[in-house]
Amino acid sequence: MSARILAADLPSQVGKQVTIAGWLHRRRELKSVTFLIVRDRSGLAQVVLSGPAAALADVEMPEETVISVDGTVTANEQAPGGAEIVQPTITMLSDPAAPPPFDLYRPAITAGLPTILDGAPTTLRHPNLRAGFEISAASVHGFRSALEALGFVEVHTPKIVESATESGANVFKLDYFGRPAYLAQSPQFYKQAMVGVFERVFEVGPVFRAEPHDTARHLAQYTSLDAELGFISDHQDVMVVLRDTIAGMVAGVQDRAGPAVALLDVAPPVVPAQIPQIHFQDAQDLIAKHADWDPRGEPDLSPADERWLCEWAELEHGSEFLFVTGYPMAKRPFYTAPDPSRPGFSNGFDLLFRGLELVTGGQRLHRYGDYLAALAARGEGPEHYASYLQVFEHGMPPHGGFAIGLERWTARLTGAANIREVTLFPRDLHRLAP
RNA sequence: GGUCCUGUAGAGCAGCUCGGAGUGCUCGCCACCCUGUCAAGGUGGAGGUCGCGGGUUCAAAUCCCGUCAGGACCGCCA
């Protein structure tokens, strides 16, 4: 037996004896010839059973059985890709496979979302479902590349934490050797601490939200792309870095996920050199003036507001991205820096993309005394935040950062209607398995 | 937590308003036919607790009540 090659390499191996291995994607039987389509990580290869080898067609070998095929590569114009394997010897590497919940070999996915998710270990083999995760991986690579080029250091912070950094109601509680502990809602506290060490840090990791949201854009566990940087003037410096990071993610997708982009017919967005921005208050005024509802007085933007603003940004600025700055302090976490020129408003921002909130970020408080005052203003004592406050006792620079929701990003890129389509084994209000 | 929608064969659906034998469609599955398929094609066949429980009725997939499961939107968030 010869060394294994990949399906995509067949055309360059014409005339040679080779081995390929993979899943039996499809068998097509005719009277005296049977075609086996073998799928591996590179693509599909055709194997022809005819003449003496035709007897192999009678072996029980349903689709998705894992096989190894040894044979001669032959050029043939009738073969997909122009080359195929003839006179094969076939070895079954798995038992005959049970049929998957839907036909993986069809170009279109014929199952609904619950069927896909219930059978995820198998259904994710479908090229269209796999493609979303190729795009996700390429996006993360772009995220890392862009930030590393800007001098950021990757960190890995604990996901089991002593106390909640955000409002305490929405955390998963654990039994930690008899003491209460929580799954981290965000790496916020640790990434700020690491600014004191590296100035610029980022993290790719899971975050956990025990919020009872039941929508097409919420998960109980998702992947957060976090960054935090020191020595900023204000949140505008953070937004510049975020713009370059998003551009890097788009470049990563284009460079490393070309086939997936083509398969799903994804249109990667253009990231403007300057992403347009609008202040929260101006955004509400604009909606009140032109849309048929009035959001003024609301402390936050509704999903309908966000969709409207994205349409406006597209028409007015030709941009699929829009920064909304200056959210009211009341709706931002206590560590958010206020806007010194606009009382009641913050130096926090959101980045909207294709109608959805994709990123939240902002400038943080950095002086110890400001933290004590912020906690006091919210009626909370410092005792619950001892280890958080510890960060600021020994000198921290002005800093800020952002967090990108990876699955939301991928969903907006691929046009997935439900975020679960681009989430590996999603965790939500109802789903804990597979 | 709220509002709305959907549960019918392995998958995806129609049938439900206006009750009349598990009726139908696309695909898969099984058998047979077909030298070259490309989501192959042809002929035949098997496969059902109409989510579950109760009620109304001579008669319920269909109407009513309850319940369970799933989906969309909203609140909130990334």
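Some notes on this structure:
- Contact order normalised by residue count of chain A, Cα under 8 Å, 6+ apart, percent: 13
- Integer Hz, Karplus 6.51/-1.76/1.60 couplings in order for region A:67-79, x for Gly and Pro: 9, 10, 10, 10, x, 9, 7, 10, 6, 7, 4, 7, 7
- When A:Thr223, A:Thr110, A:Thr123 are compared by accessible area at a 1.4 angstrom probe, the order from most to least is A:Thr110, A:Thr223, A:Thr123.
- Gaussian network model of chain A, Cα within-10 Å springs - most flexible of A:His399, A:His317, A:His366: A:His317
- Considering only alpha-carbon pairs that sit under 8 angstrom and 6 or more positions apart, the relative contact order computed for region A:7-92 is 34 percent.
- Length released on extending from A:Glu393 to A:Arg342, taking residue separation times 0.36 nm less the Cα-Cα span: 15.6 nm
- Separation of region A:239-310 from region A:213-237 is 14 Å, based on Cα centroids.
- With the charge dipole of region A:7-92 set up from +1 on Lys and Arg Cβ and -1 on Asp and Glu Cβ about the Cα centre, the Cα lying farthest toward the positive end among the listed residues A:Val66, A:Ala21, A:Leu10 is that of A:Leu10.
- Dipole of chain A computed with +1 at Lys/Arg Cβ and -1 at Asp/Glu Cβ about the Cα centre; of A:Pro127, A:His156, A:Gly381, farthest Cα towards the positive end is A:Pro127.
- With R₀ fixed at 41 Å, the C-beta to C-beta distance from A:Arg179 to A:Leu6 puts the FRET efficiency at about 0.20.
- Computed over chain A, the per-residue total of -39500 (n - 2.57) for DSSP H runs of n ≥ 4 gives a 222 nm mean residue ellipticity of -8500 deg cm²/dmol, rounded to 500.
- The overall shape of region A:52-203 is prolate: from the C-alpha gyration tensor, with semi-axes ordered a ≥ b ≥ c, the ratio a/c is 1.5 or greater and a/b exceeds b/c.
- Heavy atoms of the protein chains alone define the surface here; on that basis chain A has 47 Å² accessible area per residue at 1.4 Å probe size.
- Table column - 3J(HN,Hα) (Hz), region A:347-358, Karplus curve with 6.51, -1.76, 1.60, x for Gly and Pro: 8, x, 9, 10, 10, 9, 9, 6, x, 10, 5, 9
- With a cut-off of 14 Å on the backbone N, the residues of region A:417-434 near the modelled label site 7 Å out from A:Thr215 along Cα-Cβ are A:418-420.
- Between the beta carbons of A:Thr91 and A:Arg431, assuming R0 = 35 Å, the FRET efficiency works out to 0.40 to the nearest 0.05.
- Taking the C-alpha atoms of region A:121-422, convex hull volume expressed per residue in Å³: 146
- Each peptide in A:401-410, A:208-217, A:59-68, A:132-141 receives the mean, over its residues, of other Cβ atoms within 10 Å, and ordering these scores from highest gives A:401-410, A:132-141, A:59-68, A:208-217.
- Contour minus Cα-Cα distance for A:Ala111 and A:Leu315 (0.36 nm per residue): 69.8 nm
- Percent carbon-and-sulfur accessible area, chain A, ignoring ligands, DNA and RNA, probe 1.4 Å: 53
The values are calculated or read from the model by the stated rules, or taken from the named source; none is laboratory data. These numbers were taken from a predicted model, which means no experiment stands behind them. Heads up, the Cβs are rebuilt from the backbone with ideal geometry, glycines too, and the neighbour counts pull from every protein chain shown. Quick note on the areas: whole protein, heavy atoms, side chains included, nothing else; ligands and nucleic acids left out. Shrake-Rupley method; radii C 1.70, N 1.55, O 1.52, S 1.80 Å.
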